[in-house]
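The values are calculated or read from the model by the stated rules, or taken from the named source; none is laboratory data. Computed from a prediction, not measured in an experiment: that's the story for all the values here. Reconstructed Cβ throughout: ideal geometry from the backbone, glycine too, with neighbour counts over all protein chains shown.
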Ligand code: FAD
């Protein structure tokens, strides 16, 4: 251990890094470096001292041990699709970005045990496709699935469109391998459903956003592949009707409602305008729309009558009679179902091209969603005349992406920024009033660190700080994200 800890990596330190990862593991091209320093929305908050891509757990361990020895800070990184400024540097030149992209092997698929063992850098879509090739299914599904990596999904405890039925990423994990902040490797790569030997360590690392260690491998659960799937796009008169529709659908589908997504007309308008090839699924404009999917693992029955599509059609006809549904279309084939999903998953991309907007990733108990929307819209519209709320998202599990478009005429992000601060407080205070969460699935990162401190109790903050201090006493692992051990530490917040 050197006598003095350094915080800004010296050239000698960078030389040692190169010795560990080799030339191939050092990212030096300026454009390539910029990718690793910039979050998905295009914001850059800090610059990395170096970007390294180790190729094995041994290399990850050696890099982390070296950083620990020299007090150099590390930002673990997957596909850089996170939305809360967690996977990019927030300081200037004293952090190392450690990308897991080269740890990208599928190590084992066991269709009999329904497990898959993977390295942290495997892209989510590759996991889905590998499961499908074995007639199995990996349910985590989200708009960024072609780029995000399983290590990132685990570290953010990603949710997505199927949480309603299958649970979030935490529910998909049987075991983990993790490089601890001092470089030691914790081998918890067990494929056990039952394991009550003391504290459940793996659950500490899931959702920790890289602040407690680097996930290098995981044993995942896989599931029987759905074979009979019905996908519908619906117009509903109000969120309250959607809630009733969902409650009845669970019974009508033998509890096989696998997705229930809320779409707002204003969001849909933006998608049709900005995303080439998208079309309205229904005639005319409807403020509230729902994308609903039912899935069965049984093959489609030959008579068709008892299949998911027929059952959904009968159920929706009844809902129309009761006034719960204004209009509906059920996908007639896989291509049409994919087109519906493409619309749903294009919200974030369309948001990058639209007028200034902001987004809050919140959750409340499912049954409170209609009242929450009513109260939150009213409070925002009173405080900010002309503001255009367009809440949407994973309504079936209580998670809304509470989006707002700036009032008509506001064209510059900078002009909208002070309003975002006002909305921040309005939405999060309302979440607190409804006993909800200010981060449902995206995490805290740097953007919501101060909000976490504002809304969580002193007891919860004390426990989180104690865990962080115990596992990462030198504070080298993704500092400035999730929780500050020292509340006087400066914060770079970024933007929503
Ligand atoms: P990164 O962005 O690279 O990192 C995210 C966090 O994980 C950082 O804190 C990073 O330090 C840490 N990390 C990454 N890899 C490791 C590792 N191996 N060990 C330790 N820490 C690590 N999220 C949802 O939950 N649901 C959605 O429906 C959803 N939809 C999205 C749609 C779009 C279009 C986009 C752009 C994003 C969406 N997201 C969604 C957010 C994002 O895709 C997820 O948070 C994803 O899980 C991040 O994975 P990543 O590999 O890109 O991680």
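See the values below:
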| read-out | value |
| --- | --- |
| Residue list for the range 55-71, filter: touching a helix residue (DSSP H, G or I) at 6+ places or on another chain (Cβ under 8 Å) and at pLDDT 95 or above | 55, 59, 62, 63, 66 |
| Any chance residue 428 is outside the structural domain of residue 255 (by TED's automatic domain parsing) and away from the ligand (no atom under 16 Å from the Cβ) | yes |
| Options 362, 373, 369, 444: the member that is outside the structural domain of residue 206 (by TED's automatic domain parsing), in a strand (DSSP E or B) and surrounded by 13 or more Cβ atoms within 10 Å (Cβ to Cβ) | 362 |
| The range 58-93 - residue that is part of a helix (DSSP H, G or I) and within 11 Å of the ligand (Cβ to nearest atom) and, of those, farthest from residue 45 (Cα to Cα) | 60 |
| Meets criteria (at positive phi, crowded, with 20+ Cβ neighbours inside 10 Å and in contact with a strand residue (DSSP E or B) (Cβ under 7 Å, 6 or more places away or on another chain)) for residue 151 | no |
| Only listed residue being over 25 Å from residue 28 (Cα atoms), surrounded by 20 or more Cβ atoms within 10 Å (Cβ to Cβ), in contact (Cβ under 8 Å) with a residue 60 or more places away in the chain and in the same structural domain as residue 176 (by TED's automatic domain parsing), chosen from 140, 127 | 127 |
| Some residue of the range 340-347 being surrounded by fewer than 22 Cβ atoms within 10 Å (Cβ to Cβ), within 15 Å of residue 230 (Cβ to Cβ), in contact with a helix residue (DSSP H, G or I) (Cβ under 7 Å, 6 or more places away or on another chain) and not assigned by TED's automatic domain parsing to the domain that holds residue 83 | no |
| Number of the condition not met by residue 314 [criteria: (1) within 22 Å of residue 258 (Cβ to Cβ); (2) touching a strand residue (DSSP E or B) at 6+ places or on another chain (Cβ under 8 Å)] | (2) |
| Checklist (1) in a helix (DSSP H, G or I); (2) at pLDDT below 95 applied to residue 428, failing item | (2) |
| Extreme residue, surrounded by the most Cβ atoms within 10 Å (Cβ to Cβ), among residues of the range 168-188 that are over 20 Å from the mean Cα position of the chain (by Cα) and touching a residue at least 60 places away in the same chain (Cβ under 8 Å) | 179 |
| Those residues of the range 447-474 which are surrounded by fewer than 18 Cβ atoms within 10 Å (Cβ to Cβ) and not in a helix (DSSP H, G or I), in sequence order | 456, 457, 473, 474 |
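Residue-wise test of (1) touching a residue at least 40 places away in the same chain (Cβ under 8 Å); (2) within 18 Å of residue 151 (Cα to Cα).
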position: 12; (1), (2): no, no
position: 16; (1), (2): yes, no
position: 23; (1), (2): no, no
position: 47; (1), (2): yes, no
position: 65; (1), (2): yes, no
position: 72; (1), (2): yes, no
position: 100; (1), (2): yes, yes
position: 114; (1), (2): yes, no
